[in-house]
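**Q** Right, I'll just put the structure down here and ask away after.
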Amino acid sequence: VDVGCYEFDHGYGNHPASATISLTSIVSGSRVLISKASDGTVIYNDIPGTSLSFNTSHIGDFNVVVRKASASPFYREFNASGTTVANQTTTIKCLQQLDE
């Protein structure tokens with residue numbers, strides 16, 4: 001779209017929306033699973049470092065599960081949810097508790 005005084009749509013359409021999901025305070029070695037809340041489609045499933053930040057085309061609600069891994073076997077599973085908004089960052093602090 002031309003933003004001048006004679007605005008004209010060149011027919012390129014809308015730019016695809018994207019958002020950023022950021023997780024902090026992850027216990028090293030934990031596996032992170034992020035999925036769409038609506039249908040469970042996996043957005044991310046891997047073992048990051050102590051933080052994670054990535055762009056996604058999913059705009060809406062999502063669920064986060066941080067599972068203990070062999071490198072960190074003494075932590076409870078952490079569950080959270082959030083909502084992505086176009087062109088913004090959603091940050092979740094992973095408060096994993098010790099499994100005593």
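The values are calculated or read from the model by the stated rules, or taken from the named source; none is laboratory data. The shown structure was predicted, so the numbers you read here are calculated from the model rather than taken from an experiment. Because the Cβ atoms are built from the backbone with ideal geometry, glycine has one as well, and the counts that use them run over all protein chains shown. Just the protein is used for accessible areas: all its heavy atoms, side chains included, with ligands, DNA and RNA removed. Shrake-Rupley method; radii C 1.70, N 1.55, O 1.52, S 1.80 Å.
**Q** Residue check, residue 20 against (1) open to solvent by 50 Å² or more (accessible area, probe 1.4 Å); (2) modelled with pLDDT of 95 or more; (3) over 18 Å from residue 96 (Cβ atoms), all met but one. Which one?
**A** Status for residue 20: all satisfied but (1).
**Q** Does residue 83 satisfy the condition of being under 12 Å from the mean Cα position of the chain (by Cα), surrounded by 13 or more Cβ atoms within 10 Å (Cβ to Cβ) and without any contact (Cβ under 8 Å) to a residue 60 or more places away in the chain? Steps first, please.
**A** Numbers: under 12 Å from the mean Cα position of the chain (by Cα): yes; surrounded by 13 or more Cβ atoms within 10 Å (Cβ to Cβ): no; without any contact (Cβ under 8 Å) to a residue 60 or more places away in the chain: yes.
Judged against the criteria, residue 83 is not a match.
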